Amino acid sequence: MYIGELAARTDTPARLLRYYETQGLLVSGRDTNGYRTFTETSVCVVDTIRCLLAAGVPTRLIRMLLPRIDPDLPILDTPLTEEIRAELEDYRDRLRERQLLMSASLTAIEGYLEHTCPSGDRTRENLTVTRPD
C-alpha cells in the first residue's frame, strides 16, 4: 500500500509517517515509480508507535522496543532486555523529577496569587500590576 492508504487506515498524517521512517521506526519499500510502499504489518507498527508516543515514550526508546513487540500480544506483555528496562527506568525517573519541579512551580504560583489577589479573586481582569512612580 502507498503512504496515503497507510495514513488513512491509521488516521496518521503522511508527514508523521515519513518522520517515523526517518527516525527508524517504520520501514518502507519503494515501488518502480519511487513511491513508498508499506506492508499490512505497517498498520500494526504505526498503531504501536502512536500508542507508545501517547504514553510519553520517546522515539529513541520506541526504536529499541519495536523489534521486541509481538503484534499478536498486548504491548504490556512485551519482554524487556536489561538495557531497555534500564533506559525506561531512567526515563521514568527523569519524568518524576520534572513532575516534582512542575509541582513546586504550581505551588509557588498559587502562593503568589493567594498573597497578591484579595479574597481569592484571581481572574485575569483583576490581576493588575502597579509600577512605582
Taking the highest mean first, how do the peptides 87-93, 110-116 order by number of other beta carbon atoms within 10 angstrom per residue? 87-93, 110-116
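Please give the FRET efficiency for residue 101 paired with residue 72, using the beta carbon to beta carbon distance and R0 = 41 Å, rounded to the nearest 0.05.
Numbers: r = 40 Å, r/R0 = 0.98.
After rounding, the FRET efficiency stands at 0.55.
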What base-10 log of the normalised intensity I(q)/I(0) is obtained for the range 1-78 from the Debye formula, alpha carbons as equal point scatterers, at q = 0.18 Å⁻¹? -0.70
Checking rank on 94-101, 18-25, with mean other Cβ inside 10 Å and highest first, the result is 18-25, 94-101
If neighbour count is taken as other Cβ atoms inside 10 Å, put 102, 64 in order from fewest to most. 102, 64
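Taking 0.36 nm per intervening residue step and subtracting the Cα-Cα distance, what contour gain separates residue 115 from residue 88 on full extension?
Fully extending the segment from residue 115 to residue 88 adds 5.7 nm.
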Using only DSSP helix segments of four residues or longer, with each worth -39500 (n - 2.57), what per-residue ellipticity at 222 nm results for the chain after dividing by its residue count and rounding to 500? -18000 deg cm²/dmol
For the chain, compute the orientation-averaged projected area of the C-alpha convex hull (one quarter of its surface), in nm². 14.5
Of the listed peptides 36-47, 3-14, what is their order by residue-averaged count of other C-beta atoms within 10 Å, with the highest listed first? 36-47, 3-14
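Bear in mind that the values in this text are calculations on the coordinates, not laboratory data. Here the structure is a predicted model, which means the values were calculated and not measured. When we count neighbours, we look across all protein chains shown, and the Cβ atoms used for this are built from the backbone with ideal geometry, even at glycine.
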